[in-house]
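Worksheet: one structure, shown below.
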Amino acid sequence: MDTSNVNETTLHSRSRVSMNNSIAISDIRVIRWRGGQHPTYQAITQRIQQEGMRPYTWKNGPNFRYAARSHGYGKVLYCVEGSLEVFLPDVNQTIMLRPGDRMELPSGVRHATIVGPQGAQCVEAIKQ
């Protein structure tokens, strides 16, 4: 996948995620797709595989909501079609993802998701 049309953003703040552990929200990376046609599903899955991860796909209809949760592993998330809002309740920030955008979420970060009005298809992978 050509990376000349990407723009990387990191979030700047600190977040308490448990009684014994704090993580830097700046560890969350958002890489925005810029330019013309966003990468295809095939290009995104190939990119994830080239990075040594195993991609999997999920799809939801309009306005589907995932409650706040965290995982014991880091993950990479690409928006392939549609849009979604990822809310980080510990820092009261929302990240909008559109086709071609990538988010890297470290282990333990609480996040909630609202799928956009057209639904969404995403590709994820566990990042060790």
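The numbers here are math on the coordinates, done by the rules we state, and not lab data. Here the structure is a predicted model, which means the values were calculated and not measured. Cβ coordinates were reconstructed from backbone atoms using ideal geometry, including for glycine residues, and neighbour counts include every protein chain displayed.
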Using the Cα centre as the reference, give the magnitude of the dipole from point charges on the C-beta atoms of region 40-111 (Lys, Arg: +1; Asp, Glu: -1; all else neutral), rounded to the nearest 20 debye. 180
Three-way shape label, region 84-128, alpha-carbon gyration tensor, a/c 1.5: oblate
Can you list the residues of region 97-120 with backbone N under 18 Å from a point 7 Å past the Cα of residue 43, pointing along Cα to Cβ? 98-103
Ordered by residue, what ³J(HN,Hα) values in Hz, to whole numbers, does region 37-50 give under the Karplus form 6.51 cos²θ - 1.76 cosθ + 1.60, where θ = phi - 60° and Gly and Pro are x? 4, 6, x, 7, 3, 4, 5, 5, 5, 5, 4, 4, 5, 5
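Need one word for region 22-128: rounded, prolate or oblate. Basis is the Cα gyration tensor (sqrt eigenvalues a ≥ b ≥ c); a/c below 1.5 gives rounded, then a/b vs b/c decides.
oblate
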Residue-by-residue Karplus 3J(HN,Hα) for region 63-68, coefficients 6.51, -1.76, 1.60, Hz, glycine and proline x: 6, 5, 10, 10, 5, 4
Quick one: which residues, 5 or more positions from residue 64 or on another chain, have an amide H under 5 Å from its amide H? H modelled 1.01 Å from N in the peptide plane, none for Pro or chain starts. 115
Could you let me know the centre-to-centre spacing of region 84-128 and region 25-43, using Cα atoms, in angstrom? 12
